Amino acid sequence: MDVIPKENINQASEGLRAIAHEVRLGVLCHLMNGPMCVSELKIATGASQSNLSQHLMKMRLMGIISNEKRGQQVYYRITNPEFVELVHVLKHIYCPEACQPSDGEG
C-alpha cells in the first residue's frame, strides 16, 4: 500500500477548505464559463460586495483564482486548472443534469 505523505494530505485539506463555502464554490462554478467581473459575480452569487470580496481574496491567496483590472472593472478567472477539473467532478456528482449533453451533441 502506498503511503500518502501527511504534508500532501494537509495541502489537499487546505485546498478543499478553500472552496468549501457556498459563495466560493458558487464563484468557481460561474467562473467555469470564463472570466467575470465583480459586479457579475455579486449578482450571480447573491453575496454582498464585502462578503464576496473576502471570499475572492481568500481564493486569490490560495492561488485558485486571479484577477485582472480592465478599465474600471476587476475580472476574475480560475488560475489553477486542477480546480476546474475538481469543480467539474463536483458538478457531475451534485448537478448531473447540468452535465448532460444538449440535443445534437455526441
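Could you list all residues from segment 14-46 that are modelled with pLDDT under 90 and either at positive phi or not acidic (Asp, Glu) (or both)?
Those that are modelled with pLDDT under 90 and either at positive phi or not acidic (Asp, Glu) (or both): 15, 16, 17, 18, 19, 20.
Looking only at segment 1-14, filter to residues that are among the acidic types (Asp, Glu) and more than 15 Å from residue 60 (Cβ to Cβ); which one of those is surrounded by the fewest Cβ atoms within 10 Å (Cβ to Cβ)?
Among those that are among the acidic types (Asp, Glu) and more than 15 Å from residue 60 (Cβ to Cβ), it is 2.
Could you tell me which of the residues 77, 24, 17 is outside any helix (DSSP H, G or I) and surrounded by 11 or more Cβ atoms within 10 Å (Cβ to Cβ)?
Details: 24 fails: outside any helix (DSSP H, G or I); 17 fails: outside any helix (DSSP H, G or I).
On inspection, the qualifying residue turns out to be 77.
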**Prompt:** Is there a residue being over 30 Å from residue 10 (Cβ atoms) and under 13 Å from the mean Cα position of the chain (by Cα) anywhere in segment 56-69?
**Reply:** no
**Residue in segment 80-97 that is surrounded by the most Cβ atoms within 10 Å (Cβ to Cβ), counting only those that are in contact with a helix residue (DSSP H, G or I) (Cβ under 8 Å, 6 or more places away or on another chain) and under 16 Å from residue 21 (Cα atoms)** = 83
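Just a yes or no: is a residue in segment 65-74 in a helix (DSSP H, G or I), surrounded by 15 or more Cβ atoms within 10 Å (Cβ to Cβ) and either at pLDDT below 95 or not aromatic (Phe, Trp, Tyr) (or both)? Walk me through how you get there before you give the answer.
Applying the first criterion (in a helix (DSSP H, G or I)) to segment 65-74 yields none.
No, every residue in segment 65-74 fails to be in a helix (DSSP H, G or I), surrounded by 15 or more Cβ atoms within 10 Å (Cβ to Cβ) and either at pLDDT below 95 or not aromatic (Phe, Trp, Tyr) (or both).
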**Message:** Suppose we keep only residues that are of a type outside the set (D, E, K, R) and closer than 13 Å to residue 86 by Cβ within segment 18-32. Which one would you say is nearest to the chain's Cα centre (by Cα)?
**Reply:** 28
**Message:** Where the second residue is of a type in the set (Ser, Thr, Tyr) and the first is farther than 18 Å from residue 62 by Cβ and lies in segment 73-92, which pairs have Cβ atoms under 8 Å and are six or more apart or on separate chains?
**Reply:** 73/39
**Message:** Looking at segment 38-47, can you tell me whether even one residue there is of a type in the set (Ser, Thr, Tyr) and surrounded by fewer than 17 Cβ atoms within 10 Å (Cβ to Cβ)?
**Reply:** yes
**Prompt:** How many residues are surrounded by fewer than 16 Cβ atoms within 10 Å (Cβ to Cβ) and either assigned to a helix (DSSP H, G or I) or touching a Pro at 6+ places or on another chain (Cβ under 8 Å) (or both) when one looks only at segment 54-64?
**Reply:** 4
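The values are calculated or read from the model by the stated rules, or taken from the named source; none is laboratory data. The shown structure was predicted, so the numbers you read here are calculated from the model rather than taken from an experiment. Using ideal geometry, Cβ is built from the backbone for each residue, glycine included, and neighbour counts are taken over all protein chains shown.
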